[in-house]
Amino acid sequence: MKVLVVGGGGREHALVWKIARSPRVKKIFSAPGNAGIAALAECVNIKAEDVKGLAGFAEKEGIDLTVVGPEVPLVTGIVDEFENRGLRIFGPAKAAAKIEGSKVFAKELMKKYGIPTADYRVFDDLGEAVRYIHDSETPLVVKAEGLAAGKGVVVARERQEALAAVKSIMKDGIFGDSGRRVVIEEFLEGREVTVLAFCDGVTAVPMECSRDYKRAYDKDRGPNTGGMGAVSPAYYYTPDISEYVNKNIIRKTLEAMRLEGIPFKGVLYTGLMLTSKGPKVLEFNCRFGDPETQVVVPRLKTDLVDIIEAVIEGRLSECSINWTGEKAVCVVLASAGYPGDYEKGKEIAGIEDAEREGAMVFHAGTALKHGKIITAGGRVLGVTALGRTEEEARETAYQAVSRIRFDGMHYRKDIGL
Ligand code: AMP
Ligand code: GLY
């Protein structure tokens, strides 16, 4: 079978790595891919957002299955486009991808079906939002309504920060249409955990849990990033909590979507805060997480292509999905300046030495130039290691990291600590 993986980050490299292990797969394409993916797949120069271009390529090449990494093509309807052309694709239809594409939709769904989440208010008028902030206690959480590349959330400790956030989103329009409305939410305290679940519209099968490290620097200091590392599992996500979440959040959400007439197929990403009043939803995404996928997928024993087909054909309930008992730690190596401005084009050395230490090196922002691997993004590599214990996984990961060098490389030293 021929498979196309859409996207070109660490998440997609991990997916390609896993799909390449399926005996049923003869050839993998990736659009646009990256320098690491290029070792396992043929990279084609089509942007992940170019839905029509991708569908045309899949038709021409006779692709049997397409797997989508990023949210933008899902929210703009890549699944509908492919299905209309009779092409098989893994992911939610546009109407269901709204669970990530519209924060207001997700919050209203949770409210209607009693799914635990932070209290919230929706504003489309700046003056009303400002008045509400003046009348509320801080901290407050301000969220742009639509997609904002992971940058649409401001956790405001002070009233001034909340005011600045609504102004820059609603008045200055820093996220364009995504900011015409804002959600202002109650601040939740606790530990965070991510649970990805395979969903076929009716059945949800949660994967092993994970946790990402969003802040740029050690001890959760500095600005938010796309993720500086991840671990799987999160030791504090106990079987009791997991049982509660599966029943009262994940399965309930899938059922809610079905009752709304928009069954969700694909991977449902649930970001949770484990508060003193129980687990509450921070956000839903309509796809695999990044970097979470880089620690979850290496622990999956079952053939991912078999699971994906079961999802597409609506027979996930018959599928048995197995995990290794090993722990996984992923350390992200970033360019100097990230998440702010950074330079590209720095030569990367030591990747093979890192792999000899027993780690998997997933590429994110990398490219090939004259046969050399160079940096091409803010997050450059994700170094993942497995171990019998988290400690062992951590040691292997950091040992491997010590082999890699590029100008300006920075990373967190406390992943899995
Ligand atoms: P989101 O993209 O909605 O997950 O938000 C990004 C990050 O902001 C989350 O991972 C949390 O760390 C934080 N966050 C979001 N909503 C809240 C909330 N209601 N209370 C506290 N922190 C939040
Ligand atoms: N790790 C956060 C995300 O994938 O959205």
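The values are calculated or read from the model by the stated rules, or taken from the named source; none is laboratory data. Note that the structure is predicted; figures quoted are calculated from it, not measured. For neighbour counting, all protein chains shown are included, and Cβ atoms are generated from backbone atoms with ideal geometry for every residue, glycine included.
Pull out all pairs, ordered by first then second residue, where Cβ-Cβ is under 6 Å, the residues are six or more apart or on different chains, the first lies in segment 5-20 and is within 17 Å of F82 (Cβ to Cβ), and the second is assigned to a helix (DSSP H, G or I) and within 16 Å of ligand 2 (Cβ to nearest atom). If the second residue must be assigned to a helix (DSSP H, G or I) and within 16 Å of ligand 2 (Cβ to nearest atom), the pairs left are V5/E12; V5/L15.
One residue stands out among those in segment 135-185 that are more than 10 Å from ligand 1 (Cβ to nearest atom) and basic (K, R): the one that is nearest to M273 (Cα to Cα), which is R157.
Among L282, L333, L300, which is within 29 Å of A385 (Cβ to Cβ), within 16 Å of ligand 1 (Cβ to nearest atom) and either touching a Gly at 6+ places or on another chain (Cβ under 8 Å) or modelled with pLDDT of 95 or more (or both)? Full working, then the answer.
Working: L333 fails: within 16 Å of ligand 1 (Cβ to nearest atom); L300 fails: within 16 Å of ligand 1 (Cβ to nearest atom).
That would be L282, the only listed residue that is within 29 Å of A385 (Cβ to Cβ), within 16 Å of ligand 1 (Cβ to nearest atom) and either touching a Gly at 6+ places or on another chain (Cβ under 8 Å) or modelled with pLDDT of 95 or more (or both).
Within segment 284-291, does at least one residue satisfy the condition of being more than 22 Å from Y213 (Cβ to Cβ) and surrounded by fewer than 21 Cβ atoms within 10 Å (Cβ to Cβ)? Steps first, answer last, please.
Filtering segment 284-291 for residues more than 22 Å from Y213 (Cβ to Cβ) gives 286.
Next cut, surrounded by fewer than 21 Cβ atoms within 10 Å (Cβ to Cβ) only: none.
The answer is no, given that none of the residues of segment 284-291 is more than 22 Å from Y213 (Cβ to Cβ) and surrounded by fewer than 21 Cβ atoms within 10 Å (Cβ to Cβ).
Would you say D353 is among the acidic types (D, E) and under 22 Å from the mean Cα position of the chain (by Cα)?
Numbers: among the acidic types (D, E): yes; under 22 Å from the mean Cα position of the chain (by Cα): no.
No, not satisfied.
For segment 165-196, a residue qualifies if it is surrounded by 23 or more Cβ atoms within 10 Å (Cβ to Cβ) and under 21 Å from S242 (Cα atoms), and the qualifying residues are V193, T194, V195, L196.
Residue selection: Y244 satisfies the criterion of being surrounded by fewer than 22 Cβ atoms within 10 Å (Cβ to Cβ), away from ligand 1 (no atom under 13 Å from the Cβ) and within 24 Å of E100 (Cα to Cα). Test of understanding: among R211, R287, which residue is within 16 Å of ligand 2 (Cβ to nearest atom), over 16 Å from C330 (Cα atoms) and touching an Asp or Glu at 6+ places or on another chain (Cβ under 7 Å)? When all the criteria are applied, what remains is R287.
Restricting segment 135-153 to residues that are touching a helix residue (DSSP H, G or I) at 6+ places or on another chain (Cβ under 7 Å) and part of a loop (DSSP other than H, G, I, E, B), which is farthest from K98 (Cα to Cα)? Don't jump to the end; show me each part of the working.
So the first thing to find is which residues in segment 135-153 are touching a helix residue (DSSP H, G or I) at 6+ places or on another chain (Cβ under 7 Å), and the list is 138, 140, 142-148, 152.
Keeping just the survivors that are part of a loop (DSSP other than H, G, I, E, B) gives 138, 145-148, 152.
Values: T138: 29, E145: 11, G146: 9, L147: 10, A148: 14, G152: 16 Å.
Checked segment 135-153; the qualifying residue farthest from K98 (Cα to Cα) is T138.
Here is a yes/no grid of residues against (1) in a loop (DSSP other than H, G, I, E, B); (2) within 16 Å of ligand 2 (Cβ to nearest atom); (3) touching a residue at least 40 places away in the same chain (Cβ under 8 Å):
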{"site": "V183", "(1), (2), (3)": "no, no, yes"}
{"site": "V205", "(1), (2), (3)": "no, no, yes"}
{"site": "A216", "(1), (2), (3)": "no, yes, yes"}
{"site": "G226", "(1), (2), (3)": "yes, yes, yes"}
{"site": "A230", "(1), (2), (3)": "no, yes, yes"}
{"site": "K280", "(1), (2), (3)": "no, no, yes"}
{"site": "E283", "(1), (2), (3)": "no, yes, yes"}
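Residues to consider are T396, T384; find the one that is at pLDDT 95 or above, among the polar types (S, T, N, Q) and closer than 21 Å to P70 by Cβ. Step by step, each of T396, T384 is checked, and only T384 is at pLDDT 95 or above, among the polar types (S, T, N, Q) and closer than 21 Å to P70 by Cβ.
Quick check, is R211 under 30 Å from S320 (Cβ atoms) and within 15 Å of ligand 1 (Cβ to nearest atom)? Show your work before the answer.
Details: under 30 Å from S320 (Cβ atoms): yes; within 15 Å of ligand 1 (Cβ to nearest atom): yes.
Yes; evaluated as a whole, the condition is true for this residue.
Hey, does segment 212-220 have a residue that's out of contact with any Ser or Thr (no Cβ under 6 Å at 6 or more places or on another chain), among the basic types (K, R) and buried (at least 23 other Cβ atoms within 10 Å of the Cβ)? There is no residue in segment 212-220 that is out of contact with any Ser or Thr (no Cβ under 6 Å at 6 or more places or on another chain), among the basic types (K, R) and buried (at least 23 other Cβ atoms within 10 Å of the Cβ).
Which residues, counting only those in segment 1-40, are buried (at least 24 other Cβ atoms within 10 Å of the Cβ) and among the basic types (K, R)? R11, the sole residue that qualifies.
Name every residue in segment 305-322 that is among the aliphatic types (A, V, I, L, M) and outside any helix (DSSP H, G or I), in order of residue number.
First, pick out the residues of segment 305-322 that are among the aliphatic types (A, V, I, L, M): 305, 307-308, 310-312, 316, 321.
Scanning segment 305-322 gives a single hit, I321.
Of all residues in segment 390-405, none are farther than 20 Å from G227 by Cα and in contact with a Ser or Thr (Cβ under 8 Å, 6 or more places away or on another chain). In segment 123-167, the residue that is farthest from ligand 2 (Cβ to nearest atom) out of those that are small (G, A, S) and out of contact with any strand residue (DSSP E or B) (no Cβ under 9 Å at 6 or more places or on another chain) is G127.
Here segment 41-81 is the region considered, the condition is being under 22 Å from the mean Cα position of the chain (by Cα), without any contact (Cβ under 8 Å) to a residue 40 or more places away in the chain and closer than 19 Å to V25 by Cβ, and the residue that is surrounded by the most Cβ atoms within 10 Å (Cβ to Cβ) is A41.
So that you can scan it fast, the table gives a plain yes or no per residue for (1) assigned to a loop (DSSP other than H, G, I, E, B); (2) among the acidic types (D, E); (3) farther than 27 Å from L65 by Cα:
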| position | (1), (2), (3) |
| --- | --- |
| V193 | no, no, yes |
| E208 | yes, yes, no |
| Y235 | yes, no, yes |
| S242 | no, no, yes |
| L254 | no, no, no |
